[in-house]
Amino acid sequence: MNKHQTGLLLSQIAQHATEVAAIASARWRGFGKKNDADQAAVDAMRKAFADAPFSGKVVIGEGEIDEAPMLYIGEELGAGGIGVDIAVDPLEGTKLCANDAPNAMTVVALALKGGLLHAPDMYMEKLAIGPGYPPGLIDLDLSPTENVQRLAQAKGVAVTDIRACLLDRDRHQHIIEELRRAGAGIRLIPDGDVAGVFWTTEVARSGVDIYFGSGGAPEGVLAAAAIRCAGGQMQARLKPETDQEAERARKMGRDVAAKLTLDDMAPGDVVFAASGVTDGSMFGGVRFDERTAHVDTLVWDSFSSRKLRVRSLHAL
Ligand code: VTB
């Protein structure tokens, strides 16, 4: 199978998986039951992968085998074929879905074996911008002020025209205060930092130029896949909070102090797919009518440099 064919195959598998998961979890919108919403997405996604024409292995999933009966890290899925690494966040923003709040989505990244970082489940500090900037423009070792100033200069705008996005958490207060002093606009989100990072790839649509702050490391690798497809820039660093977490990261072969680049997180070609569950900045949520579910999906394929936006109809 050549590169282009691989991209087409993986795109179709990823698209199908995010679409069926979106339909399944959309049924749980607004009922305050985030675990049920998540489980519905997990079940649908796992079934989609079980039938897929590949030999897939979950590298980013729902947890270790003892804590996650499905889509656990190391689970092998598929009907046979090329060896593929699977990274999933079956419902990104379970709370958003339970509250019928904006920007819940389903997310999948696929790569050939070895093409996605095995990230331990802990916090990760993230910094990302979209495409079109000189390499090395932003850096985790620079201050937030320096990063937004460099970005503003490269974009040819004032810092006040730069919009940063962060999770609304106390742990980010010092970054928020610094960015306010620097003059940047800030979008604070309650949850869902895959979307936050991913927004930087379509500034005209999302209004977000740069992503700051810490969130889940698995979500960081999924977001890195989108940034890889976009040709954007991203850096990250694991943030273990206990000695056990640091030990776990080391056991997985991770240097906890290291600054991770895009080449560490998504070293090769990848496919990134996401479908809207609730309405949001990038997607419409799933719409149901009597016989049909309407799903809004993005499929991004760096193997064949394709980016699709698909509005698909699923018979119910
Ligand atoms: C993070 C973020 C996710 O949950 O994992 C967050 O990466 C949980 O963070 O996108 P806190 O521990 O600060 O609540 C999400 O926002 C949604 O799953």
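Every number here is computed from the coordinates shown, using simple stated rules; none is lab data. Treat the numbers as computed from the prediction; the structure is a model and nothing was measured. Here the Cβ is made from the backbone with ideal geometry for all residues, glycine too, and neighbour counts use every protein chain on show.
I'd like the orientation of helix 3-26 relative to the chain: the angle between its Cα long axis and the longest Cα principal axis, in ° from 0 to 90, rounded to 10.
With rounding to tens, the tilt is 90 degrees.
Kindly flag which residue pairs out of K57/K95; K3/K57; K3/K113; K95/K251; K57/K126; K3/K307 have an alpha-carbon separation exceeding 23 Å in this structure.
With Cα atoms farther than 23 Å apart: K57/K95; K95/K251; K57/K126.
Whole Å is fine, so just give me how far the alpha carbon centre of the range 85-122 lies from that of the range 156-172.
23 Å
If you add up the charges near A182, with Lys and Arg at +1 and Asp and Glu at -1, over every other residue whose beta carbon is less than 12 angstrom from its beta carbon, what do you get?
0
Would you work out if the range 123-265 is rounded, prolate or oblate? Take a ≥ b ≥ c from the square roots of the eigenvalues of the alpha-carbon gyration tensor; rounded if a/c is under 1.5, else prolate when a/b is larger than b/c, oblate otherwise.
prolate
I'd like the per residue volume of the convex hull spanned by the Cα atoms of the range 209-316, given in cubic angstrom.
About 145 Å³ per residue, rounded to a whole number.
What does the charge count around S304 come to, taking other residues whose C-beta lies under 11 Å from its C-beta (Lys +1, Arg +1, Asp -1, Glu -1)?
After counting each charged neighbour, the total is +1.
Based only on other Cβ atoms within 10 Å, what is the fewest-to-most ordering of H314, H174?
The order, fewest Cβ neighbours first, is H174, H314.
List, in order, the whole-Hz ³J(HN,Hα) value for each residue of the range 279-294 obtained from phi through the Karplus relation with A = 6.51, B = -1.76, C = 1.60 and θ = phi - 60°; use x for Gly and Pro.
Taking θ as phi minus 60°, the curve returns 4, x, 5, 10, 9, x, x, 5, 10, 10, 10, 3, 10, 9, 10, 9 Hz for the range 279-294.
For helix 173-182, what angle does its Cα long axis make with the longest principal axis of the chain, in degrees from 0 to 90 and rounded to 10?
50 degrees
Under 1.5 on a/c is rounded, so check that first for the range 16-88, then, if it is not, pick prolate when a/b is larger than b/c and oblate when it is not; a ≥ b ≥ c are the square roots of the alpha carbon gyration tensor eigenvalues.
oblate
So how far, in whole Å, is the C-alpha centre of the range 187-244 from the one of the range 1-77?
Each part's Cα centre sits 20 Å from the other's.
Rounded to the nearest 500, what is the chain's calculated 222 nm mean residue ellipticity when only DSSP H runs of at least 4 contribute -39500 (n - 2.57) each, over all residues?
-10000 deg cm²/dmol
Please order M45, M252 by the number of other Cβ within 10 Å, starting at the fewest.
M252, M45
Sort the following peptides by mean Cβ neighbour count (other Cβ atoms within 10 Å, averaged over residues), highest first: 131-138, 266-273.
266-273, 131-138
DSSP loop GluC sites (Glu not before Pro) in the range 55-160 with at most 10 other Cβ atoms within 10 Å of their Cβ, which ones?
Sparse-neighbourhood loop GluC sites (Glu not before Pro): E67.
How long are the three semi-axes of the equivalent ellipsoid for the chain, computed from the Cα gyration tensor as the root of 5 times each eigenvalue, in whole Å, largest first?
Working from the Cα gyration tensor, I get semi-axes of 29, 22, 20 Å.
Of the residues A225, A217, A22, which exhibits the maximal mean-square fluctuation in a Gaussian network model of the chain defined by a 10 Å Cα contact cut-off?
A217
For G78, what charge total do you get from the other residues with a beta carbon under 10 Å from its beta carbon, if Lys and Arg give +1 and Asp and Glu give -1?
Local charge sum for G78: -1.
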